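Here's the structure we're looking at; comments come further down.
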């Protein structure tokens, strides 16, 4: 059952985000990588955030990449598809590979939802990353059992929970998945048809990670309009072509070291490509 769960944040947290000294790198026309470190100044913790800001243009397109049984690193998904950037996608079967959430690619259903023991859909099956002609939309489950099949788009990837929709915070419950700090991956929309690939590092002394309530506020303070949670934890990774460390710009946590080598192999990714 969904219930309200209130978390208080101080004004200094919002100021830390708004006044942050973001280190910016131009990747391509309309594509900028921004990174910032917060030393005990955000939610009373150390944080490290990487954001790829993309102005949706004719010559740029978003796409899905996936494997039906194999697992591959996010950087491998990006490199093998000759992408400009890649962020890990939705939730998957760690033992057998493949997504546990619905994916449609180029109009073809690749995977369907694995429901829980009570035959209910998981919270990460109640939102969708929708791509039509390479442009992003974020949609919310309408309560119907065949909702995803009715979405009119070439590419659909279910994930969640949705954090922001039309500038309004979505209700989150008090489950530990929402309240505990972890590395997080998010895709968001903002003004001027901009899209954001966001990775918040965690499980390290220099990066605590965030609860989803904290991520929700981060998106709000950055003035985004919509945002949806992707798979996180050891899966979180952001890869950008041509950057140092073989393009891995975040600090994936699976090797328990503060470096760029700890990518977990995943089943799918969201790509930014040149048309």
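A few remarks follow.
- Modelled label positions at residue 261 and residue 12, each set 7 Å beyond Cα in the direction of Cβ, lie 3.7 nm from each other.
- Highest-fluctuation residue, 114, 264, 35 considered, GNM on the chain with Cα pairs under 10 Å: 114
- Sites residue 221 and residue 175, calculated FRET efficiency, Cβ-Cβ separation with R0 22 Å, nearest 0.05: 0.40
- Protection proxy ranking, highest mean first, for peptides 104-110, 243-249: 243-249, 104-110, where packing is the per-residue count of other beta-carbon atoms within 10 Å, averaged.
- If R0 is 45 Å, the Cβ-Cβ spacing of residue 108 and residue 22 corresponds to a FRET efficiency of close to 0.70.
- Tensor-based shape of region 153-227 (alpha-carbon gyration tensor, a/c under 1.5 rounded, otherwise prolate or oblate): prolate
- Between the C-alpha center of region 81-96 and that of region 196-259 there is a gap of 14 Å.
- Förster radius 22 Å - calculated FRET efficiency between residue 45 and residue 191, Cβ distance, rounded to 0.05: 0.20
- Shape category assigned to region 159-275 from the gyration tensor of Cα positions, a/c cut at 1.5: oblate
- The value of relative contact order for the chain, using C-alpha pairs under 8 Å at least six residues apart, is 26 percent.
- Radius of gyration (Cα atoms) of region 16-274, expressed as a multiple of 2.2 N^0.38 Å: 0.92.
- Distance between the pseudo-spin-label points of residue 166 and residue 245 (7 Å out from Cα toward the beta carbon): 4.0 nm.
- The simple spin-label model puts a point 7 Å past each Cα toward its Cβ; for residue 115 and residue 93 those points are separated by 1.8 nm.
- Over the residues of the chain, the helix contribution to mean residue ellipticity at 222 nm works out to -3000 deg cm²/dmol, using -39500 (n - 2.57) for each DSSP H run of at least 4.
- As a rough guide to protection, the peptides 152-160, 115-123, 93-101 ranked by mean Cβ packing within 10 Å, highest first, stand as 152-160, 93-101, 115-123.
Taken together, the values in this text are just the output of simple stated rules run on the coordinates, not laboratory data. From a predicted model like this one, the values you see are computed outputs, not experimental measurements. All Cβ positions, even for glycine, are placed from backbone atoms using ideal geometry, and neighbour counts span all protein chains on display.
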